[in-house]
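Novice: Can you read through this structure? Questions will come right after.
The values are calculated or read from the model by the stated rules, or taken from the named source; none is laboratory data. This is a predicted model, so every value here is computed, not measured. Cβ placement follows ideal geometry from the backbone for every residue including glycine, while neighbour counts extend to all protein chains displayed.
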Amino acid sequence: MDPFPLADLKSERCPHISGNDVMELNDLKAPTASLKTSKLLLIDIRSPDEYMKAALPGSINISYEKAFDNQNRIVDTRLQTLLDQHRSLVKVVIGNKNHKQTVEFTNSLIANSCTRVCLLHKGIDVFKTTGMLYVPTPSDLP
């Protein structure tokens, strides 16, 4: 993994996970990757437009802007339900080039007593050349 500036690392409260580790732990090479067989809960916080262009199999799109209130409490009921149903899974937050949003989202999850949280190192871009991304259908959105 490539290094990040020290100031960025100091703002983070959770570890990074590499794209290779995500592929291995989630068995993304299998065409039927799903939450039923996964060890990871893949939370994609990119905009719905970005998500609809390319996503990881088994990932769930959650709106960054609508997930938390101004006091960092979870207000997105879908997110809360997913976290409650999949407490034992490692939560991998997938962002894009706006690394600050990904860090804020993971820090907010931790502030809400969510455990096993990490962020995908370099976001969705690490998968662009792997052939692992697919184009979701509208039914994949909330």
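Novice: Pairs please, first residue from the stretch 57-77 and in a helix (DSSP H, G or I) and modelled with pLDDT under 95, second anywhere and of a type in the set (Lys, Arg) and surrounded by 13 or more Cβ atoms within 10 Å (Cβ to Cβ), Cβ atoms under 9 Å, 6+ apart in sequence or on different chains.
Specialist: Pairs found: 64/46.
Novice: Might you let me know whether the stretch 132-142 holds any residue that is closer than 24 Å to residue 23 by Cβ, in contact with a helix residue (DSSP H, G or I) (Cβ under 9 Å, 6 or more places away or on another chain), surrounded by fewer than 16 Cβ atoms within 10 Å (Cβ to Cβ) and without any contact (Cβ under 8 Å) to a residue 60 or more places away in the chain?
Specialist: Among the residues of the stretch 132-142, at least one is closer than 24 Å to residue 23 by Cβ, in contact with a helix residue (DSSP H, G or I) (Cβ under 9 Å, 6 or more places away or on another chain), surrounded by fewer than 16 Cβ atoms within 10 Å (Cβ to Cβ) and without any contact (Cβ under 8 Å) to a residue 60 or more places away in the chain, which makes the answer yes.
Every residue, every condition in (1) loosely packed, with under 12 Cβ neighbours inside 10 Å; (2) over 15 Å from the mean Cα position of the chain (by Cα), yes or no:
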residue	(1), (2)
75	no, yes
90	no, no
95	no, no
100	yes, no
110	no, no
113	yes, yes
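Novice: Does residue 126 satisfy the condition of being part of a helix (DSSP H, G or I), farther than 21 Å from residue 73 by Cβ and not polar (S, T, N, Q)?
Specialist: In short, yes.
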